[in-house]
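Trainee: Can you read through this structure? Questions will come right after.
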Amino acid sequence: MAIDFKEASDILLRYLKVKTRPLSIKFIQNSSEIPEGVLRPGTAGTKMALCQVNTIARKWNMAMAVTPEEVNCAAALLAFGWGDLGDLDRQEELVNFMVSAGYIKDTEKAKSSLATQPYFNGEKKLSSRGLIVAPIDAGIIADPDVILIYGNPAQIARLAQSMIYSEGGVIESRAHAGVSCIGEMIEPVVSGKAVYVVPGRGERQIGMAADDEMAFALPTAKLQDLLAGLMETDEKGTRYPIQPFLFFEPRYNKAVSKLIKKIKLS
């Protein structure tokens, strides 16, 4: 059944009350797949990091597209497999970057960290030549690969609860030193699972992710289950913002207690 992305956006905004637009992401193999009129960094004569593209799309409520030539984040280029390194080894260069940029203490620990990533080598390597990011209700992307939602920890918890309600199990996620775009864009595609992401240093410095923001990403195939879980758990009492329990008799300090004893109530 086709997804009504306008309705999906309305549900997410109504039940989560997120401050920025839920996003859809589509990986492309050729720039000819970019719809006419979609803004690109090259249009403005500049290059950007992918986290900047996400922020523009979700805060300005507009679609953006990038090809590798329009990206100037070295970590993203290495991680997404973009660009030609000649005789250099991409994995080795990424390890060296993680150490020299101060993300990880030494080479061995960087290699150990990189080995945990499911996106980089072998069958799970993701091949693309760019991507489009747009609010899910913009009508720009008909068949997105990933849905990406930013929110505060309580809002992201509601998404995790909703996914678990529909699927069971747990939402497994890992905090990385940086390169948040991997978890937000690549990991849901190669794993086929929903993840929550703690924005890294780059996304907070360049993408302007706020101190209280996290992200939740999932393959589009799981969106219907997420929405159903969100609405049904809300109906059963798990909501955002949380409804505090107020049916209790409060206790006061001595001054208030002494005063209330003077008031005669029939």
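Rule-based calculations on the coordinates, nothing more; no lab input. For clarity, every value in this text was computed on a predicted model and none was experimentally measured. For neighbour counting, all protein chains shown are included, and Cβ atoms are generated from backbone atoms with ideal geometry for every residue, glycine included.
Trainee: Collect residues whose amide H, placed 1.01 Å from N in the peptide plane, falls under 5 Å from the amide H of VAL71; neighbours closer than 5 in sequence don't count.
Mentor: MET48
Trainee: Let me ask something additional. Excluding residues fewer than 8 places away in the same chain, name every one of the lysines whose C-alpha is closer than 20 Å to that of LYS111.
Mentor: Counting by Cα, and skipping residues close in sequence, LYS111 has these lysines nearby: LYS124, LYS125.
Trainee: Now for a separate question. Starting with the highest mean, order 210-221, 105-116 by the number of other Cβ atoms within 10 Å, averaged over the residues of each peptide.
Mentor: Packing order, densest peptide first, comes out as 210-221, 105-116.
Trainee: Sorted by average packing, counted as other Cβ atoms within 10 angstrom per residue and highest first, what order do 68-79, 36-47, 241-252 take?
Mentor: Per-residue mean Cβ counts within 10 Å order the peptides as 68-79, 36-47, 241-252.
Trainee: Using a 7 Å offset from Cα along Cα-Cβ at ASN72, what residues in region 156-192 end up with backbone N under 11 Å from the label point?
Mentor: No residues fall inside that zone.
Trainee: As a test of the formula, what do you get for the chain when each DSSP H run with n ≥ 4 contributes -39,500 (n - 2.57) and the sum is divided by the residue count, at 222 nm and rounded to the nearest 500 deg cm²/dmol?
Mentor: About -10000 deg cm²/dmol.
Trainee: Now for a different question. Please list, in order, the residues from region 54-95 whose amide nitrogen is less than 18 Å from a point placed 7 Å along the Cα→Cβ vector of THR46.
Mentor: Within reach of a label on THR46: 54-74.
Trainee: Within straight cross-link reach of LYS19, meaning Cα distance under 28 Å, which lysines are found once same-chain residues fewer than 8 apart are removed?
Mentor: Here the lysines satisfying the reach criterion relative to LYS19 are LYS6, LYS47, LYS59, LYS193, LYS222, LYS236.
Trainee: Right, next: Residue by residue, what Karplus-based ³J(HN,Hα) values in Hz, rounded to whole numbers, does region 202-207 have, using 6.51, -1.76 and 1.60 with θ = phi - 60° and x for Gly and Pro?
Mentor: Rounded to whole hertz, the list is x, 5, 7, 6, 9, x.
Trainee: Defining a contact as two alpha carbons under 8 Å apart and six or more residues distant in sequence, what relative contact order in percent does the chain show?
Mentor: 25 percent
Trainee: Could you check the simple spin-label distance between LYS264 and SER112, using points 7 Å along Cα→Cβ, in nm with one decimal?
Mentor: 7.7 nm
Trainee: Next question. Would you order CYS51, CYS181 from fewest to most other beta-carbon atoms within 10 Å of each residue's own beta-carbon?
Mentor: Going from least to most buried by this count: CYS51, CYS181.
Trainee: Which trypsin sites (Lys or Arg not before Pro) does region 130-232 hold that lie in a coil by DSSP with at most 14 other beta carbons within 10 Å?
Mentor: In loop regions of region 130-232 (DSSP not H, G, I, E or B), the sparsely surrounded trypsin sites (Lys or Arg not before Pro) are ARG174.
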